Amino acid sequence: KKDIPAVNFLIHEIHCRRNIEICSFCKDSIPKAEMKNHIETEHVQVTCKCRMKIENSLLKEHEASACPLRPVLCQFCDIQLPFNKLEEHELFCGARTEPCPGCGRNVLRRDLREHPGICG
């Protein structure tokens, strides 16, 4: 899958046919001696903490961006909680009040960012 100078092509082709395989899962060029290890480490199915089965090579990306149990911070109180609990928590947390340091009125936490423009 790389450009090879024409003068080296025949030798390169022989070398590749003897030593390189294309992975049937990811289509990468892998040395034949490492293919078994590649499949066992990259393409073996593992179970995420959310009980989803996924290829090992995709697990980190899943845990970082798609897993419903990935840790996230509440925008109002900075408590860390699972992503699938975030919406319910923020509905409750954003409805709590705090006194405005400027006007002293109790303001909903979800409105604290906009409030300084209103209270002056």
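Efficiency by 1/(1 + (r/R0)^6): what FRET value for Ser57 and Leu112, r their Cβ-Cβ distance, R0 = 35 Å, to the nearest 0.05? Efficiency, from the Cβ-Cβ distance: 0.25.
Here the contact order of the chain, divided by its residue count and restricted to Cα pairs under 8 Å and six or more residues apart, works out to 10 percent. Estimated at the nearest 10 Å², the accessible area of Arg70 is 30 Å² with a 1.4 Å probe.
For the residues Pro101, Pro71, Pro31, a GNM of the chain with alpha-carbon springs under 10 Å puts the largest fluctuation on Pro101.
Entry comment: accessible area of the chain is 77 Å² per residue, from protein heavy atoms only and a probe of 1.4 Å. For the chain, carbon and sulfur atoms together expose 54% of the accessible surface, with a 1.4 angstrom probe and every protein chain in place. I'm spelling it out carefully: the read-out is Cα Rg over 2.2 N^0.38 Å, the candidates are (1) 1.99; (2) 1.48; (3) 1.04, and one was derived from this structure. Which label? Checked against the structure: label (1).
Lysine pair count for the chain (Cα-Cα distance under 29 Å; residues 8 or more apart in sequence or on different chains): 21.
Can you find, among Ala33, Phe92, Val72, the residue sitting farthest towards the positive end of the charge dipole of the chain, where Lys and Arg contribute +1 and Asp and Glu -1 at Cβ? Value computed over the given set: Ala33.
Between Glu21 and Ile30, Lys32, the built amide H atoms are under 5 Å apart, and every one of these is 5 or more places off in sequence or on another chain.
The values are calculated or read from the model by the stated rules, or taken from the named source; none is laboratory data. Worth saying up front: this structure is predicted, and the values here are computed from it rather than measured. Note that each Cβ is placed from the backbone with ideal geometry, even for glycine, and that neighbours are counted across all protein chains shown. Accessible surface is based on the protein model in full, side chains and every heavy atom, while ligands, DNA and RNA are left aside. Shrake-Rupley method; radii C 1.70, N 1.55, O 1.52, S 1.80 Å.
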